[in-house]
Each structure stands twice: as C-alpha cells, then as structure tokens.
Amino acid sequence: EAMMDIEVKPEPSQPSWYERYVQPCVAELLGSAVFIFIGCLSAVEDVEGMGRLQPALVHGLGLIPVIAITADI
C-alpha cells in the first residue's frame, strides 16, 4: 500500500490588537506629519520665479518616501 503524504498547513495566527489597531494609526499619523512638514518647508523657502511649481513638486515627491516607509503597514 502506498501512503499518501498530506501536508498540513498551520493556520496563520491572527494579528494582535497592536498590529490591528494601533500600528496603522501611528503609521497614518507619522506619514501625514512628515508629508505636511515637508510641504510646509517648501513654501517657507520660496525661490524667486518658482511660483507654484516648487510646492507642487515637493508635495508630489514627498509622497514617495511616505508611501515607501508606511506601505508594509
């Protein structure tokens, strides 16, 4: 008789309350704070002739590190 090998996969454990509720809120708070801080700094040091281009570019490029840092959460 040939025995069949059956792989039993363990059920993934449920995330803890911290990973489920606290960690996403902290990531949202820090991501928003960094995004707003970078955006405000771009408007403070306004270079002559840049107009609305500088803050727009900084806000657009400021999303890249915020998303990269908080994407796994």
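The table that follows gives values for the structure above.
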{"read-out": "Computed label-point distance, nm, for sites Val22 and His59 using a 7 Å Cα→Cβ extension", "value": "3.4 nm"}
{"read-out": "GNM flexibility winner over the chain from Gln54, Gln14, Gln23 (Cα, springs under 10 Å)", "value": "Gln14"}
{"read-out": "Entry for P(r) over Cα pairs in 10 Å bins from 0, in percent (calculated from the structure that is shown) out of (1) 19, 38, 26, 13, 4; (2) 18, 49, 26, 7, 0; (3) 16, 28, 19, 14, 10, 7, 4, 2, 0", "value": "(3)"}
{"read-out": "Positive-end residue, the chain charge dipole about Cα centroid, Cβ charges, pick of Leu63, Ser16, Met50", "value": "Met50"}
{"read-out": "Accessible surface, per residue, of the chain when the full set of protein chains is kept, probe 1.4 Å, Å²", "value": "92 Å²"}
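The values are calculated or read from the model by the stated rules, or taken from the named source; none is laboratory data. Remember, predicted model here, so these are calculated numbers, not experimental data. Every residue, glycine as well, gets a Cβ built from its backbone with ideal geometry; the counts of neighbours run over all protein chains shown. Just so you know, the surface numbers come from the protein's heavy atoms only, side chains and all, with ligands and any DNA or RNA stripped out. Shrake-Rupley method; radii C 1.70, N 1.55, O 1.52, S 1.80 Å.
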